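The values are calculated or read from the model by the stated rules, or taken from the named source; none is laboratory data. Computed from a predicted structure; not experimentally measured. Note that each Cβ is placed from the backbone with ideal geometry, even for glycine, and that neighbours are counted across all protein chains shown.
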Amino acid sequence: MRWIWTIAMVAAMTAVSAGCASKTRPSSAGGDAFSGSWVVRWCDESRSEEDCGGFWLTLVQKGRHVCGEYDGAWMNLTQVDEGRVTGVVHGDSATLRVRSNRNQALVEAEVRRIGNSLHWKQGDTIEPGGSDVAIIANQEILEDAGEGQLRAPEECNL
């Protein structure tokens with residue numbers, strides 16, 4: 001029953017993201033290697049009754065430019081965040097700028113595409129946020145979320 005509620009929360013969180021469902025799937029080669037839906041779930045196995053949190057990312061790549069949106073949630077969904085992502089691709093890596101809607105912080109992240117996963121490492125804070133906390137992945141491996149799992153923006157002003 002808990003997983004049904006988690007799926008419903010993920011759907012609700014992503015429904016507030018603007019855009020249409022992406023039909024683009026990540027590929028290990030080619031010009032859209034970062035396009036798609038990616039996720040890391042944060043669970044506490046010692047508290048199996050609590051819902052998992054996580055970081056859900058949708059990206060669209062056009063040439064060397066990438067943009068998208070994210071949703072983040074602490075375990076047990078006690079706090080949620082969402083925001084925008086823009087960046088530049090260089091080979092199998094990309095440098096991203098991630099803006100939290102929760103506290104307006106702007107952070108840099110480096111991601112590297114390895115197989116069906118994105119290796120995410122948060123970097124410098126470009127603009128500090130307000131007193132509230134942003135829920136952005138720090139150093140994580142995001143897995144391919146599968147087609148239809150998340151919503152990706154149709155247009156990103158690239």
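Only one of these conditions is not met by D124: (1) within 16 Å of the chain's Cα centre (by Cα); (2) modelled with pLDDT of 95 or more. Which number is it?
The failed condition is (1).
Condition check ((1) at pLDDT 65 or above; (2) buried (at least 16 other Cβ atoms within 10 Å of the Cβ); (3) more than 15 Å from V85 (Cβ to Cβ)) across all residues:
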position: I4; (1), (2), (3): no, no, yes
position: M13; (1), (2), (3): no, yes, yes
position: G19; (1), (2), (3): no, yes, no
position: S27; (1), (2), (3): no, no, yes
position: G31; (1), (2), (3): yes, no, yes
position: S37; (1), (2), (3): yes, yes, no
position: V40; (1), (2), (3): yes, yes, no
position: C52; (1), (2), (3): yes, yes, yes
position: E69; (1), (2), (3): yes, yes, no
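Report yes if some residue within segment 74-84 is surrounded by 20 or more Cβ atoms within 10 Å (Cβ to Cβ), under 14 Å from the mean Cα position of the chain (by Cα) and of a type in the set (A, V, I, L, M, F, W, C); otherwise report no.
Checked against the condition, which is being surrounded by 20 or more Cβ atoms within 10 Å (Cβ to Cβ), under 14 Å from the mean Cα position of the chain (by Cα) and of a type in the set (A, V, I, L, M, F, W, C), segment 74-84 yields no hits at all.
Give the number of residues within segment 117-133 that are surrounded by 15 or more Cβ atoms within 10 Å (Cβ to Cβ) and among the polar types (S, T, N, Q).
Residues that pass the stated criteria total 2.
So G87 ticks every box in (1) of a type in the set (G, A, S); (2) modelled with pLDDT of 90 or more; (3) more than 20 Å from I126 (Cβ to Cβ) but one. Which box is left unticked?
Among (1) of a type in the set (G, A, S); (2) modelled with pLDDT of 90 or more; (3) more than 20 Å from I126 (Cβ to Cβ), G87 violates only (3).
Could you please find all residues in segment 29-72 being over 18 Å from the mean Cα position of the chain (by Cα) and of a type in the set (S, T, N, Q)?
Of everything in segment 29-72, those that are over 18 Å from the mean Cα position of the chain (by Cα) and of a type in the set (S, T, N, Q) turn out to be S46, S48.
Being within 12 Å of R112 (Cβ to Cβ) and either assigned to a strand (DSSP E or B) or under 15 Å from the mean Cα position of the chain (by Cα) (or both) is the filter here; which residues of segment 85-97 pass it? It would help to see each step written out before you state the result.
To start, the set of residues in segment 85-97 that are within 12 Å of R112 (Cβ to Cβ) comprises 89-96.
Listed by number, the residues that qualify are V89, H90, S93, A94, T95, L96.
Hey, could you check segment 134-158 for residues that are modelled with pLDDT under 95 and farther than 15 Å from R84 by Cβ and say which is surrounded by the fewest Cβ atoms within 10 Å (Cβ to Cβ)?
Ranking the candidates gives G148 first.
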